[in-house]
1. What FRET efficiency, computed as 1/(1 + (r/R0)^6) with R0 = 56 Å and r the Cβ-Cβ distance, is obtained for ARG159 and ASN338, rounded to the nearest 0.05?
2. Per residue of segment 316-324, what does 6.51 cos²θ - 1.76 cosθ + 1.60 with θ = phi - 60° give for ³J(HN,Hα)? Whole Hz please, x for Gly and Pro, Karplus curve as stated.
3. Can you pick out the pairs among LYS444/LYS494; LYS49/LYS527; LYS494/LYS537 whose Cα atoms lie more than 27 Å from each other?
4. Along the Cα-to-Cβ line of ARG551, 7 Å from the Cα, sits a label point; which residues in segment 176-194 have backbone N less than 15 Å from it?
5. Go through segment 150-158 residue by residue and turn each phi into a ³J(HN,Hα) via Karplus (6.51, -1.76, 1.60, θ = phi - 60°); whole Hz please, and just put x for glycine and proline.
6. Can you give me the convex hull volume of the Cα atoms of segment 311-382, divided per residue and expressed in Å³?
7. If each residue of separation counts as 0.36 nm, what is the full-extension length gain between GLN439 and LEU292 once their alpha-carbon separation is subtracted?
Amino acid sequence: MLRKIALSLLTIATCTNLAQAKKEPKYPQAHQLTAEQAALVEKAIAREKIVVKNIQQRTPLVETYIQDMKPDEKLYQVPTGDTYMLSRVDFRKTFIDKSYAARNDHKQGFFKNSAAAITNIGKALHLYGESYSTEGFTQMMFLDPVGFDQQHYVFSYVRRDFLGSVRTWEFDVHPKVSGNGRFYGRVWIEDQDGNIVRFNGTYTESTSEDHDKEWFHFDSWRMNLQPDLWLPAAIYVEETQRTEGKKTVGLRAQTHFWGYSLNLPTHESDNVSVQVQGAVDQSEDSQDVTPLEANRDWVQQAEDNVIDRLVQAGLVAPPSDFDKTLEQIVTNLSVPSNLSFPAPIHCRIMLTSTVEATTVGNTILLSKGLIDTLPNEESIAAVVSLELAHVALGHHIDTRYAFNDRMLFPDEASFQRIKMNHTDADNAEAAKRANEYMQASMYKDRLANAGLYFAQLTDRGKALKQLNSPRLGDSMLKPDGTPWLAELAKQAPKLNPDDTTQVAALPLGSWLKTDPWDDKEHMLNAKRYAPMNARDKMPLELTAIYYKLQRFDAAPAAAPTNSSAAAAAPQSPDNDTNSGGQQPSAAAPNQQ
């Protein structure tokens, strides 16, 4: 009898709990908006439609880099694998992408498992369980491209806040009408014109059948790139606690946009406008040239064609002040070794986040990802010395590119049509010469610091294969995973995560920022802090994105002075432990 009573009470309690669960609201109750708040929301809804139309007129490059993470007792999380994608997206054609196809060199697994950013971004991010959705990528750029209004969403005012110098109003947003892929999170609306400049959250599923499907959380940022024009600049995705089988796994991902001012060629014949930058008037020179001079001019013509074509394709940045910083390091290496070149050595920046470098004639190309992760001036000098050795040894680009018709190809074929990587034999020869340059240079007493970078790169090379797989040039690692500059790595002390004065490599994005409109590179105007613990180091890792937003200023910036153009770069950790080993010197990046 007592057992029957107990079961009855249990049944009643269970039913009561289920009834209460059904009545419990899915979203928190929204507060009534004031007239001023409601007006700003209405303005934001109208502006969002304009933003969508503006984006549909653009053809930006879209780079997505993903790092799979696993928990680590000491470092919190460490990367276990990665994926890289680069595409040119034509939004005029319903979000059709033109993926930058890999070159035909598969020695190091170039672009392995990487596919079109639009078609397979869902698979790369596991955005939708086992049945992946291609909507994940496009929706991270937009709150809701077709249904963002007060008929479909509820808005609740939170507070006013500043994102940089831009004053914003924050609102929590949740769907009023159920639907798959509707935004749920927070938006920041700038108070001047009502543009949504940031949104942070996730998307919802429409039915109970989708309980096993997964939308990841993301933080999407926009920038004021032109007057009255805010466009997507970057997206950060993070999931730290996911379960796959019996494993707890996570991921971090960054998507960056640039090249908004570029036009997408629709036919190969459209790529006929190749302009040589920095042309020099030689009318006062002698009228004749020797065979050696003619050959050097021919190499120079191939170099000019390739550099300008890569700028046009959005793969190399236009000239910047940071180029002068790198060229000063070239001088620091050339003078002690008595190197005399018939033409000036120039340096330029590849816009990819991969860790790679190469030479094109007398131009040294270093990738943004490589520069961002180098911790000090001596490590920058080490990679510059390797490329300088290629120039000195005559390892120039194939001169078939001196014929302009070879530059007439679609942008997305750039990796396949332009071969800029060196052979293993050339890299080995250049590495030996580079070590000699470093031994003779002003950096000779700091070689151990430079070697730490290559030790760290080797340590994480197995996990971060895509980061170390070059798209245009050469990896810093050999096919067997050891560094080309192995002699420097041998001089490095043992990697010690607990030693906060030992900074072997920096996280991605530590030094440079790309202007999404015109592709120019600028130094971060940021205060530098020393790591307080092992978790602060994050070598070669992705991190969260946070922008201090500014409104577009049409007034031209003041020309930099000679002193600021050649300002200083990070120094060795043992020089200034209070600044994390990043003290200015006379020959490296301006930290402002």
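The numbers here are math on the coordinates, done by the rules we state, and not lab data. What you see is a predicted model, and the numbers here were worked out from it, not measured in a lab. Positions of Cβ are generated from backbone atoms using ideal geometry, with glycine treated the same way; all protein chains shown enter the neighbour counts.
1. Working: r = 63 Å, r/R0 = 1.13.
Given R0 = 56 Å and the Cβ-Cβ separation, E is 0.30.
2. So the Karplus estimates, Gly and Pro as x, are 10, 6, x, x, 9, 5, 5, 4, 5 Hz.
3. Working: LYS444/LYS494 19 Å; LYS49/LYS527 37 Å; LYS494/LYS537 16 Å.
LYS49/LYS527, as the Cα separations exceed 27 Å there.
4. Output list for this probe position: 189-194.
5. Those phi angles translate into 7, 7, 10, 9, 10, 10, 10, 5, 10 Hz.
6. Values: hull volume 6.5 nm³, N = 72.
Output value, Cα hull per residue: 91 Å³.
7. On the way: separation 147, 0.36 × 147 = 52.92 nm, distance 3.11 nm.
Computed gain between GLN439 and LEU292 is 49.8 nm.
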